[in-house]
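S.K.: Below: one structure in structure tokens.
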Amino acid sequence: MKKIILIGAFLLGGITLQAQNNNKWTIQECVDYALENNITIKQSELDTQLADIDKNQAVMNFLPNLSANSSYNINTGSNINPATNQFENQTFKSLSGGVNSGVNLFAGLQNWKNLQRSKLNVLASQYQLDKMKDDISINVANAFVQILFNKEQLKVLQAQNKITKENLERTQELVNAGVLPQGDLLEIKATDATQKQQIIAAENNLFISRVGLAQLLKIEDYQTFDVVEEDYGIFSDDILDKDANEIIAKAKEEVYDVKIADMNYQLAQKDLELARTDYYPTLSAFMGYNTRWSSTNVDPSTVIVSPLTGEVIYSGSRMPFIDQLYTFDGTSFGLQLNIPIFNRLATRNNVKRSQVNVERSKYLLEQANLDLEATVYQAYNDAKSARLSYDAAKQTAEARQLAYEYAEERYTVGLSNAFDFNQSSIQYENAQSDVVRTKYEYIFKLKVLEFYFGIPIDEIN
């Protein structure tokens, strides 16, 4: 699943994706920057490159090999003259060289099975890389949403404090006129001080969340780091109308955890097949060409005819260099069969180890499916509960607002004291904070559920 899906897993479709002139970061800019600069991802990309190299080598293993060799010797004492194959007790120089090639004809289909395994390993490494990108994108998006929550929470507290300051001025006038006692003024001043403390704490939480995202992106200038602000509303929740089993089936196609576990199971099966190939005999073909030269004369009684001209080129005199190479060359070719008989049960034990790994991978695949089912069920129930909590928070906030307005009217005409009015104000403030909290919890949990269903961003409305 592409990272753009993960972006949509947390934010609504109307998010701004263009660069901002005020250096504020969008969610896509944050994710792209993290994916480009994360060291863990760079290391995982190297793993995919190694997997591609292994696959290329598996393809090349079907081809024959080719090698050349050469040696130059200075011999003293009694040595075999490579030209005459006779022992000579003198110092002479010799040169030999050759070209050899071999090809594997049969080895229990080892090359073919190794190629299949390398292809699976390429896919597995890509799954690992994609999952890592998903995880990092989720972390970045989660940190981004936390900043938005802290911003909105700060706005709520600042709006409440503004109302408190207006009440403080009005109460001051009523106290000066002798309508209200001095204690009411002190009560509102205490509320104003408390709200200022909450604003300071909210500003600190906002700063910490900005620093957290900046550090996640490896940005050192976190003092000026900030994100784009948008009015994120609640969008369609049609995903909750689907059956949980339908979402689970879709998640198994989209989420990489099960794909990785399934790929590891297939790799373990291929490893078992490769281990069993050692039971089979191997058959290979080879061919070689060799030639040699020596600085000493050959046997004086020897007459050698040049293979090029047919003329006698040696009769008790030194043979030319080129003529020796043509005269003393040779070729070899043949087949080689190796039959395994007894290797201290190494093959048998390797097969048993591979069988154990297959069983282990099978259990891990089953566990991955069970974990995914449990996770999707939990996400499904969490999203439903978050919707109910958000609806309840909105209803509570509406009721608290009416209660606050009523308490404000009673307090203004002197029918209520400052303590009761402040209690109503605090309850209204808490209700507004609950709306903000449940709103972003609902967005987060709803989009996580859509992530499991594989809904891309362009399908979110």
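Just so it is clear, none of the values below were taken in a lab; they were calculated from the coordinates. The structure presented is a predicted model; accordingly, all values stated were derived computationally and were not measured. All Cβ positions, even for glycine, are placed from backbone atoms using ideal geometry, and neighbour counts span all protein chains on display.
S.K.: Take Ser67, Ser424 and order them by how many other Cβ atoms sit within 10 Å, fewest up front.
M.R.: Ser67, Ser424
S.K.: Under the √(5λ) rule applied to the eigenvalues of the Cα gyration tensor, what semi-axes describe the equivalent ellipsoid of the chain? Give them in Å, descending.
M.R.: 85, 27, 16
S.K.: Got a sec to turn the phi values of region 150-164 into Karplus ³J(HN,Hα) couplings, 6.51 cos²θ - 1.76 cosθ + 1.60 with θ = phi - 60°, whole Hz, x for Gly and Pro?
M.R.: So the Karplus estimates, Gly and Pro as x, are 5, 5, 5, 4, 5, 4, 4, 5, 5, 5, 5, 5, 4, 5, 4 Hz.
S.K.: Test of understanding: ordering Trp112, Trp25 by Cβ neighbours within 10 Å, fewest first, what list do you get?
M.R.: Trp112, Trp25
S.K.: Can you tell which of Ile80, Phe286, Ser137 lies farthest toward the positive end of the dipole of the chain, using +1 and -1 charges on the Cβ of basic and acidic side chains (Lys, Arg; Asp, Glu)?
M.R.: Projecting each Cα onto the dipole axis, the largest value belongs to Ile80.
S.K.: Follow-up question, since we're still on this one. Based on the Cα coordinates of region 112-213, what is the per residue volume of their convex hull in Å³?
M.R.: Value for region 112-213: 78 Å³ per residue.
S.K.: If you don't mind, another one. Quick check on my link table: of Lys218/Lys394; Lys196/Lys439; Lys119/Lys362; Lys162/Lys218, which ones sit more than 31 Å apart, alpha carbon to alpha carbon?
M.R.: With Cα atoms farther than 31 Å apart: Lys218/Lys394; Lys162/Lys218.
S.K.: Please give the net charge around Ser71, taking every other residue with its beta carbon less than 12 angstrom from that of Ser71, where Lys and Arg add +1 and Asp and Glu add -1.
M.R.: So the environment of Ser71 carries a net charge of +2.
S.K.: P(r) tail for region 138-194, what percent of Cα pairs lie past 14 Å?
M.R.: Result for the distance tail: 64 percent.
S.K.: Which of rounded, prolate or oblate describes region 160-296 when judged by the alpha-carbon gyration tensor and an a/c cut-off of 1.5?
M.R.: prolate
S.K.: Another question, then. Considering only the chain, what is the antiparallel percent among its DSSP beta bridges, to the nearest 5?
M.R.: 95
S.K.: Please report, largest first and rounded to whole Å, the three semi-axes of the ellipsoid equivalent to region 360-456, where each semi-axis is the square root of five times an eigenvalue of the C-alpha gyration tensor.
M.R.: The three semi-axes for region 360-456 are 46, 11, 8 Å.
S.K.: Ratio of region 62-111's C-alpha Rg to 2.2 N^0.38 Å, to two decimals?
M.R.: 1.86
S.K.: Sticking with this structure for a sec: Distance from the Cα centre of region 33-55 to that of region 346-415, in angstrom?
M.R.: 31
S.K.: Separate question: What translational D, rounded to a whole number of µm²/s, comes out for region 325-412 from Stokes-Einstein when the hydrodynamic radius is the Kirkwood one over Cα pairs, at 4 °C and 1.567 mPa s?
M.R.: Estimated diffusion coefficient is 59 µm²/s.
S.K.: Once fully extended, how much extra length lies between Asn205 and Phe286, figured as 0.36 nm per residue of separation less the alpha-carbon to alpha-carbon distance?
M.R.: So the chain would gain 21.8 nm between Asn205 and Phe286.
S.K.: Separate question: For Gln57 and Ile426, calculate 0.36 nm times their separation in residues minus their Cα-Cα distance, and state this gained length in nm to one decimal.
M.R.: Result for the pair: 125.8 nm of gain on full extension.
S.K.: With Cβ to Cβ distances under 12 Å as the rule, what net charge do the other residues near Ala407 carry (K, R +1; D, E -1)?
M.R.: Value of the local net charge: -2.
S.K.: Tell me, what ³J(HN,Hα) does each residue in region 275-286 have, in order and in whole Hz, if you take phi through Karplus 6.51 cos²θ - 1.76 cosθ + 1.60 with θ = phi - 60° and put x for Gly and Pro?
M.R.: Once rounded to whole Hz, the list reads 5, 6, 5, 5, 6, 8, x, 10, 10, 9, 10, 9.
S.K.: Can you put Met287, Met60, Met263 in order of Cβ neighbours within 10 angstrom, beginning with the fewest?
M.R.: The fewest-first ordering by Cβ neighbours comes to Met60, Met287, Met263.
S.K.: Now for a separate question. For the pair Lys218 and Leu168, what calculated FRET efficiency results from E = 1/(1 + (r/R0)^6), where r is the Cβ-Cβ distance and R0 = 41 Å, to the nearest 0.05?
M.R.: Efficiency for this residue pair is about 0.35.
S.K.: Net charge around Asn369, counting only other residues with Cβ within less than 15 Å of its Cβ (Lys, Arg = +1; Asp, Glu = -1)?
M.R.: The answer is -3.
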